[in-house]
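What follows is a single structure, written as structure tokens, with notes after it.
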Amino acid sequence: MRNALFYGSGVALVTPFRAGKVDMHAFERLIDWQIESLTDAIIVLGTTGEPCTVTSSERAALIECAVSTVAGRVPLLVGAGANNTRTAVEYAVEAQALGADGLLVVTPYYNKASRHGMIEHFHAIADSVEIPLIAYNVPARTGLNMPPEVVAELLKHPMIRGVKEASGDIRQMNRLAALCPGAALYAGNDDQTYTMMSLGARGVISVAANVLPASMHEMAASYLRGDVELSREMQFALLDIIDALFIEVSPIPVKAALAMMGKIEDELRLPLAPLDVEKRLRLRAAMTALDLLEDG
């Protein structure tokens, strides 16, 4: 089986805004902090990065900034998903041209493609570039589930190197691992990182790593080096904060958390709106329990 794009914890990074504009300085600081905290890969313009509300010029600027800031220290993946295959191809070609190491490509949302359509969609994107991609299955967001049989077919393509599995369905995860032995699987849900790694996943593409980069890295790294007990203990210890970070649609809570830590402004773009007071208090309590606010 081909090598994975990365092993460990890849952060699905937020896109910080300030006064309606992308805050590039905060974006650079977040990337540096992630790498200093041993995050194993940076993923920009994934779901957590609010790509649907980023303009084409902002998209290019974010990729350019990420490429220059990461500077080859860890793999950099760029989200290139769209429900229009032509648009996804354009995103993929642009990301490659600007220096990305790989792509994260979500299933085509809203259109609800057939299995054949899904395969052709991913093949069209993979055929357009010379950098590898990870397919992303997140039916709760897209309204479309990618069955393990489709993943197994996709992985035959030389440029499709793995899958981020976020169905949340343990039976599907088992089937996926059974059909794709040795494949580069990644947990797509933070609370199922240990579970997926026990099935052979290489790590996680994580929302929680925005706030807990060192912890998410260590949970994955400990499993990879054979310290399964520590990995399981860390998964259990992080369940409360992970729950709090998903108390509302992502990335609403994780942006609120980063703002509480003084790292970004608590700003989103419509139709996303800030966390309400009651949920904010629950999030703050979970963060306080882990001393995440001691410096913020």
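Could you tell me the calculated FRET efficiency between Asn174 and Ala19, based on Cβ-Cβ distance and R0 = 45 angstrom, to the nearest 0.05?
That pair, Asn174 with Ala19, gives E of 0.40.
Before I look further, what does segment 173-296 give for accessible area per residue, probe 1.4 Å, in whole square angstrom?
On a per-residue basis, 42 Å².
Under the rule that an exposed site lies in a DSSP loop and has at most 13 other Cβ atoms within 10 Å, name the longest stretch of the chain with no GluC sites (Glu not before Pro) of that kind, not counting the sites themselves.
The segment 131-293 is the longest one with no such site.
Regarding segment 157-204, what's the average projected area of the Cα-atom convex hull, expressed in nm²?
Details: hull surface 12.2 nm².
Mean shadow area of the hull around the Cα atoms is 3.1 nm².
State the percent of C-alpha pairs, over all pairs in the chain, separated by a distance greater than 23 angstrom.
51 percent
Of Asn174, Pro213, Pro274, which is farthest on the positive side of the dipole of the chain, counting Cα position, with +1 on Lys and Arg Cβ, -1 on Asp and Glu Cβ, and the Cα centre as origin?
Asn174
Identify the trypsin sites (Lys or Arg not before Pro) of segment 141-250 meeting these criteria: DSSP loop state and at most 15 other C-beta atoms within 10 Å of the C-beta.
Working: sites: Arg141, Lys156, Arg161, Lys164, Arg171, Arg175, Arg202, Arg225, Arg232; in loops: Lys156, Arg202, Arg225.
Listed in order of number, the matching sites are Lys156, Arg225.
Can you tell me the accessible area per residue over segment 12-109, all protein chains present, probe 1.4 angstrom, in square angstrom? Can you show the working numbers first?
Values: 3660 Å² over 98 residues.
Normalised by residue count, the accessible surface of segment 12-109 is 37 Å².
What is the sum of charges, Lys and Arg at +1 and Asp and Glu at -1, for the other residues whose Cβ falls under 13 Å from the Cβ of Val204? Intermediate values should be presented prior to the final figure.
Numbers: positive: Lys164, Arg202; negative: Asp40, Glu165, Asp190, Asp191, Glu218.
Local net charge: -3.
Please name which of Pro51, Val163, Leu13 has its Cα lying farthest along the dipole of the chain towards the positive end, using unit charges on Cβ (Lys, Arg +1; Asp, Glu -1) and the Cα centre as origin.
Among Pro51, Val163, Leu13, the one farthest towards the positive end of the dipole of the chain is Val163.
Just how far, in whole angstrom, is segment 226-279 from segment 39-56 if you go by their alpha carbon centroids?
One Cα centre to the other: 16 Å.
What does the charge count around Met159 come to, taking other residues whose C-beta lies under 9 Å from its C-beta (Lys +1, Arg +1, Asp -1, Glu -1)? Don't skip to the answer; put the middle values down first.
On the way: positive: Arg161; negative: Asp127, Glu130.
Summing Lys and Arg as +1 and Asp and Glu as -1 gives -1.
What residue among Gly81, Ala61, Thr107 has its Cα farthest toward the positive end of the dipole of segment 46-113, where the charges are +1 on Lys, Arg and -1 on Asp, Glu, each on the Cβ?
Thr107
Give, to the nearest whole percent, the P(r) tail of segment 57-116 beyond 13 angstrom, counting all Cα pairs.
Above the 13 Å cut-off, segment 57-116 has 61 percent of its Cα pairs.
Tally the DSSP beta bridges in the chain and give the antiparallel ones as a percent, rounded to 5.
Here the antiparallel bridges make up roughly 5 percent for the chain.
Which whole number in µm²/s is D for segment 2-98 by Stokes-Einstein, with the Kirkwood Rh taken over Cα pairs at 25 °C and 0.890 mPa s?
Using the Kirkwood radius from Cα pairs, D works out to 179 µm²/s.
Of all the Cα-Cα pairs you can form in segment 115-270, what percent are over 24 Å apart?
Values: 4774 of 12090 pairs.
Across segment 115-270, Cα pairs with separations above 24 Å total 39 percent.
Taking a quarter of the surface of the Cα convex hull of segment 209-267, what do you get in nm²?
4.1 nm²
Carbon and sulfur atoms: what percent of the 1.4 Å accessible area of segment 142-229 do they account for?
50 percent
Measure up Lys164/Lys255; Lys21/Lys263; Lys21/Lys255 against 18 Å on the Cα-Cα distance and list the ones that go over.
Among Lys164/Lys255; Lys21/Lys263; Lys21/Lys255, the Cα-Cα distance tops 18 Å for Lys164/Lys255.
Counting only protein heavy atoms, what percent of the accessible surface of segment 1-126 is carbon or sulfur at a 1.4 Å probe?
52 percent
Determine Rg/Rh for segment 193-292; Rg is computed over alpha-carbon atoms and Rh is the Kirkwood hydrodynamic estimate from the same atoms. Before the final figure, lay out the partial values.
Values: Rg = 14.4 Å, Rh = 14.2 Å.
Value, to two decimals: 1.01.
Just the Kirkwood number for segment 69-204, please: inverse of mean 1/r across all distinct Cα pairs, in Å, one decimal.
This gives a value of 14.9 Å.
What is the magnitude of the charge dipole of the chain about its Cα centre, with +1 placed on the Cβ of each Lys and Arg, -1 on the Cβ of each Asp and Glu, and no other charges, expressed in debye to the nearest 20?
Rounded to the nearest 20 debye, it is 680 debye.
The values are calculated or read from the model by the stated rules, or taken from the named source; none is laboratory data. Remember, predicted model here, so these are calculated numbers, not experimental data. Virtual Cβ from ideal backbone geometry, glycine too; neighbours counted across all protein chains shown. Just the protein is used for accessible areas: all its heavy atoms, side chains included, with ligands, DNA and RNA removed. Shrake-Rupley method; radii C 1.70, N 1.55, O 1.52, S 1.80 Å.
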